[in-house]
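Q: Structure below; questions to follow.
Just so you know, all these numbers are worked out from the coordinates, no wet-lab data involved. Keep in mind that what you see is a predicted model, and the values were worked out from it rather than measured. Quick reminder, even Gly has a Cβ in these numbers, built from the backbone with ideal geometry, and neighbours come from all protein chains shown.
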Amino acid sequence: MAALGAPLRTLRALLRELRHAAGRSYRDSPAYRHVVAAFRAHRVTSEKLCRAQQELHFQAATYLCLLRSVREHEALHREYHGRGERSPQEVAGMVGFRLPQQPGGKG
């Protein structure tokens, strides 16, 4: 895995993905409360140095990767999933062709 980057950037990206997953009421979700509480509990202060901060940051980055991947997979699935049988005109239009016109105006 690449470098983790700043924990605040990971937290913001993680909350953004939670907002995509849960909609406008993401702040009421248990996942939001858990993530924010975990980041607050593992921050470095002047009194202590949290040894588990890197572990939390790695877990958060992994969870962020999972949420992004699931969202992108669903978007690709919606776009390219088969919708059943298509007409020849629709298939020709998808690949950029036009079907020839029938003589006598039948097509």
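Q: Once both labels are modelled 7 Å past Cα along the beta-carbon direction, what's the Leu8-Thr62 spacing in nm?
A: 2.6
Q: Next question, about the same structure. How high is the relative contact order of the chain, in percent, with contacts defined as C-alpha pairs under 8 Å that are six or more residues apart?
A: 26
Q: Between Ala37 and His77, how many nm apart are label points set 7 Å from Cα along the C-beta direction?
A: If labels sit at Ala37 and His77, their model points lie 3.0 nm apart.
Q: Count the net charge of all other residues whose Cβ sits under 14 Å from the Cβ of Ala61, scoring Lys and Arg as +1 and Asp and Glu as -1.
A: Around Ala61, the surrounding residues sum to +2.
Q: To continue, here is another question. Grab the Cα-Cα distance for Gln54 and Ser69, subtract it from 0.36 nm times how many residues apart they are, and report the gain in nm with one decimal.
A: My answer for the length gained is 3.2 nm.
Q: Roughly what angle does helix 53-80 make with the longest principal axis of the chain, taking Cα atoms, 0 to 90 degrees, to the nearest 10?
A: 10
Q: What FRET efficiency would be calculated for the residue pair Arg24, Phe97, taking the C-beta separation as r and a Förster radius of 41 Å, to the nearest 0.05?
A: 0.40
Q: Continuing with this model, one more query. Take the Cα pairs of the chain, get the Kirkwood Rh, then feed it into Stokes-Einstein at 10 °C and 1.306 mPa s and tell me D in µm²/s.
A: Estimated via Stokes-Einstein, D reaches 89 µm²/s.
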